[in-house]
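Here the structure is laid out as C-alpha cells; the discussion comes afterwards.
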Amino acid sequence: MEHANDVKAHVEQRSEEVRAKASRGAVLRTAIIVVALAVVIAVINVLTSGHFLTPGNITNVLRQITYNAILGVGQTFVIITAGIDLSVGSMIQLSGVVMATFANAVPLDGFPLIVATLCVGLGVGAVAGFVNALPVVRLGLPPFITTLAMMLIARGLAFKLSHGQPVPVHSNAFEGMGTGYIFSGILSKIGLPGIPIAVMWMVVIAVGFGIVLARTRFGRYVYAIGGNEEAARLAGINVARVKTLVYVICSCCAAVAGLLLMARFSSGSPQTGSGDELLQSIAAVVVGGTSLMGGRGTIVGTFLGALLIGVLNNVMNLINIESYTQEIVLGAVILLAVVLDELRKRYLTR
Amino acid sequence: MRDIAKSFPGVRALDGVSFTVEPGEVHALVGENGAGKSTLMKILSGAYRADRGTIVIDGNRVTIESPKRAEELGIGMIYQEFNLVPELDATRNIVLGVEPARGVFLDERAATARAATVMQELGIVLPPGLPARLLSVAQQQMVEICKALVKKARLVVMDEPTASLTEREIDALFALIRRLKSQGVAFVYISHRLEELPAIADRITVLRDGRAIVTEAAKELSQDEIIRFMVGRPLHAQFPELPRVSDSAPVVLDVEGLRTAAHNAIISFSVRAGEIVGLAGLVGAGRTEIVRAIAGADVPLAGTVRIRGERVVVRNPHSAIGAGIAFITEDRKGQGLVLDMNVRQNTTLAHLDRFAHYGFIDAGAETRVTSHEIAELHIRTPSGEQPVRNLSGGNQQKVVLAKWLIASAQVFLFDEPTRGIDVGAKAEIYGLMVELLKRGAAIVMVSSELPEVLGMADRVLVVRDGAIRREFARADATPDGVMAVATGVES
C-alpha cells in the first residue's frame, strides 16, 4: 500500500512536469514562430522596399485575414470531428443579405440595431448548421454532401431574396464595425491608426473558441469524436449533440464574418462570399496543422495558417506579382506547409 | 507444411505444426478459438510469413511470400467473410484479376465463356448480371469457389463454410466438394460444427495451443474424442481464488426477456453481488450482442434490465453509464480508446463531468485521479501524458479498465477482457476482477477462451445462435460439457 502511494506520487509529479513542459513548449513554440515571423517580416520589408511595414499595410493585412480567420475557427471545429463544411462561403452571402434586409426593415438604430442584426445572423447560422448536421448525426450521411447541398441552397436563397442586387444598409450604425478603429488615441502616438474593430472581433472569437476547444469538456469531446467516434459514444458522450453544436458554431462563425463584411461594404451583397472564401478557410485550417482525418488540430494553428496566407497574398501584391502567378505560389506554399507538418509529426512519433 | 512456427508479440501462435493434404482429400482442421487454425492457413495463403518450418508442394519446397504467390501455386482461400466486389455480377467476380483481354480492352465474351465453363463443371447456375451483393450467401460462396477454380486452384481452404448456410445449401455445398474431390482438388476444411465432419471429412487434425495434437482418419474419431483433444489441457493455476458468493447476496443485475436485433432469441439471467457469470460459446454465437444490448451500445428490441431491483431504461451508452453499468469492449483500438489522446484524457473520458467546473476541465484533478489508477493497476507508462497509442496491448487494456474504475459502477460487462495480452497482464486483470467482486460488483464476462471462463466464472451460460442453451454451475462446468453445448453436439 505504501508502495502504491509512492508510485502514485511519483507518477503524479511526472505527469505534472510533462504537462508543464508541454505548456511551456507551446509558449516556446509560439515564441519561436513569432520571432521567425519577425525575421521574415524584416526580410519582406526589405524586399518590398519598406512598403510592408507601414501602419496602413499592417492594418490592411490584419483586416484581410479577419474574415478568413473567423471562418477558419468554425471550420477547425468541424474538421477536428473529421467532418467538413462546404457551406461557409454561402452562409456569408445568405446572412449578409438577410441581415441587411432586416436592418432596413426594423425601427431600431445604433447599438440595439447591431445587437438585433447580429442575433438574426446567428439565427440564420444556427438553423443552417442544424440542417447541415441533422442528416449527418441521424443517418450517418457524409457532411461533404449535406454541406454541399447547403452551399447551393444558401447561395440560391441569397440571390433570390436580394434579386441578385446588393442590399444597401440605410443605417450608419455599422460604420464603426466596418471601418472604425479602437485604441486609436494611444496608438496614434506611434503612428498607427488604431486597431480595426473588425480585427478585435476576430481576436475575441479566436481566443474565446480557442479556450473552449482546449479547456472545456465540450472541446475534449470534439477531439474524442474525431479521434474515435465509437469509443466516444460508448463512453457515454452524446455524439449527436456535440456534432450538431459543432456545425452550428461553424455556420455562426460564417454569419459573423457575413456581418463584418456587410458592415465593411455598407451593404449585404449576394456576391460577397461567392469567391474562394470556402477554400481559403479550409486552407488556413489545414496549413495550421489540423488533420482532415479528425482528432487533431488547434485554433492557434488555424490563426497562424490564416496569417501566413494573408501575409503571402499581401507581399505578392506589394512586389507586383501577377495575380495568376500568385495563385500558383499560394498553392505551392499550402502543399509545402502540409507536407512539412506531416514530416514533423512522423519525426516526432518515431 | 512441416514444423511450422509463428509468434506474435507476447503469443506463440504456432509451435511446430506439421500438416499434410493429399490430392482429392478433404482434411478438416478443428480447434478452439485461438488454437492457431487461422494463423496456419494465413501462412499457407501468404498473408503471414512463418518464423520457422517449410512448405512443400508436390515434392518441391516453396516459399509463399504473398497471396499472389499462393494463387500461382494453386492455393485458393475462401474466408468466412467473402471477398467479392459487391457491385459486380458473378461472372465479373469470377474472372476478377484474370480478366481476358484483347489489347487494352476487356474481352467480355471470353470472360462470360470462361466463367460459364467453370460453373458448368461444377453443375451450378448463377444468375448473370445480378450484382454480387444481391446473391444469397450460398450463391456468393459458389462464386468464391468458382473464383478459386478459374485460377486453377488444386487446394482450396474453406473457413467455416457452413456457418450461415441452410441445411439444403449445406447439402449442395457438400455435393460440390465431393465432385471436385473426384477431380483431384484437395480441401482444407475449417469448422466448429463437429457434427458435420463425418459427412465430409476424410481426415481430421486437431490443433490446440499452436500444436497439432492428433491427425486421424475421420471415421476413427468420435465427436467426444475430438472435443477432448480440443480442450485437453489442464486448467492452469493462473486464476486467483474467487470469493464465495453467498446465497443471500443481493441480485445486482437482472436481465429479463432481452431480445437483440441480431438474433431471434430471448435472454434472461441475473447476477448477484460478488458473482462472475461467464458467457461461453463460439465466435459469432451472439454473446457480444447480449452484453452490447445491456450496455446500451445497441438498442435491444425488447426486454427489461434491473439494477438492484430497480428498472433502468437503457437507450444509449450514456443512460447505461448513469445506471452504473460499465462496458469493457472486446476491441480496444476500435471501441475502447481514443489513440491520439493520452492516458489521462482516455481515463477521464467517460466521467468528465466530475472534472469540470462550469464546463472547464480541471487538468490537475484529472492528473491526480489518473496517477492513482496508473499506480493501482501497474500501468507501465512514463506519465499520464503519454499517448495511449504508444502503450503495449496489456497496458492499453488497463487504461480501458481505469476509465471504468474511476467511477463506482455496480455492473461490469467484460467482453474478451484478455484478448491479445500477455500472461502477466492477464493475471493482473483477473486479480482486478476479484477486487471488484469484493467491492460488491457484479461481473458478466464474455470469453472465447474456455479455460478463462471455467477458471473465473461462478456460473457459465453457454450461448449458441443467440440464445442461452444451458447453465452450468462452477462445479459442473467441464470443458467437454461446455464445448459440446457450444458446438451443438448436445443441446
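The values are calculated or read from the model by the stated rules, or taken from the named source; none is laboratory data. On a predicted model such as this, the values are computed, not experimentally measured, just so you know. In this analysis, Cβ positions are derived from the backbone assuming ideal geometry, glycine residues included, and neighbour counts consider all displayed protein chains.
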* To do: Determine if region A:217-227 includes at least one residue that is in contact (Cβ under 8 Å) with a residue 60 or more places away in the chain, assigned to a loop (DSSP other than H, G, I, E, B), touching a helix residue (DSSP H, G or I) at 6+ places or on another chain (Cβ under 9 Å) and within 9 Å of chain B (Cβ to nearest Cβ).
  => no
* Asked: From the set of residues in region A:210-241 that are among the aliphatic types (A, V, I, L, M) and within 19 Å of the chain's Cα centre (by Cα), which is surrounded by the most Cβ atoms within 10 Å (Cβ to Cβ)?
  -> A:222
* Would you check which residues across region B:191-224 are part of a strand (DSSP E or B) and either surrounded by fewer than 22 Cβ atoms within 10 Å (Cβ to Cβ) or more than 20 Å from the chain's Cα centre (by Cα) (or both) and list them? => B:203, B:204, B:205, B:208, B:211, B:212, B:213, B:214, B:215, B:216, B:217
* Of the residues B:143, B:118, which is part of a helix (DSSP H, G or I), within 24 Å of residue B:181 (Cα to Cα) and touching a Phe, Trp or Tyr at 6+ places or on another chain (Cβ under 9 Å)? -> B:143
* Could you tell me whether region A:311-324 includes any residue that is buried (at least 21 other Cβ atoms within 10 Å of the Cβ), in a helix (DSSP H, G or I) and of a type in the set (A, V, I, L, M, F, W, C)? => yes
* Check every one of the strands (runs of 3 or more DSSP E) wholly within region B:36-111 and list those with 3 or more residues that are over 26 Å from the mean Cα position of the chain (by Cα) and aliphatic (A, V, I, L, M). => B:52-57
* Structure fact -> Checked region A:51-99 for anything under 18 Å from residue A:126 (Cα atoms) and in contact with a His (Cβ under 9 Å, 6 or more places away or on another chain); matches are none
* Could you list all residues from region B:155-184 that are under 17 Å from residue B:137 (Cβ atoms) and either touching a residue at least 60 places away in the same chain (Cβ under 8 Å) or not in a helix (DSSP H, G or I) (or both)? => B:158, B:159, B:160, B:161, B:162, B:163, B:164, B:165, B:166, B:177
* **Residue that is touching a strand residue (DSSP E or B) at 6+ places or on another chain (Cβ under 6 Å) and not in a strand (DSSP E or B), where the choices are B:255, B:245** => B:245
* To do: Could you tell me whether any residue of region B:225-241 is in contact (Cβ under 8 Å) with a residue 40 or more places away in the chain, in a strand (DSSP E or B) and of a type outside the set (Phe, Trp, Tyr)?
  => no
* Quick check: anything in region A:26-36 surrounded by fewer than 19 Cβ atoms within 10 Å (Cβ to Cβ), among the polar types (S, T, N, Q) and outside the structural domain of residue A:187 (by TED's automatic domain parsing)? -> yes
* In region B:317-338, residue farthest from residue B:421 (Cα to Cα) [restricted to those that are within 7 Å of chain A (Cβ to nearest Cβ) and of a type in the set (A, V, I, L, M, F, W, C)] -> B:321
* Hey, among the residues in region B:339-357 that are closer than 24 Å to residue B:391 by Cα and of a type in the set (D, E, K, R), which one's nearest to the other protein chains (Cβ to nearest Cβ)? -> B:340
* To do: Confirm whether residue A:192 is outside any helix (DSSP H, G or I) and either of a type in the set (A, V, I, L, M) or buried (at least 16 other Cβ atoms within 10 Å of the Cβ) (or both).
  => yes
* Restricting to helices (runs of 4 or more DSSP H) lying wholly in region B:315-432: which have 1 or more residues that are in contact with a Pro (Cβ under 9 Å, 6 or more places away or on another chain) and buried (at least 24 other Cβ atoms within 10 Å of the Cβ)? -> B:343-348, B:393-405
* Answer yes or no: is there a residue in region B:300-310 that is in a loop (DSSP other than H, G, I, E, B), β-branched (Val, Ile, Thr) and surrounded by fewer than 23 Cβ atoms within 10 Å (Cβ to Cβ). => no
* Asked: In this structure, is residue B:90 hydrophobic (A, V, I, L, M, F, W, C) and in contact with a Pro (Cβ under 6 Å, 6 or more places away or on another chain)?
  -> no
* **Residue count for region B:244-257, restricted to those that are exposed (fewer than 15 other Cβ atoms within 10 Å of the Cβ) and closer than 21 Å to residue B:430 by Cα** => 2
* Candidates A:129, A:125, A:121, A:156, filtered to the one that is under 25 Å from the mean Cα position of the chain (by Cα), without any contact (Cβ under 8 Å) to a residue 40 or more places away in the chain, surrounded by 14 or more Cβ atoms within 10 Å (Cβ to Cβ) and part of a helix (DSSP H, G or I) -> A:156
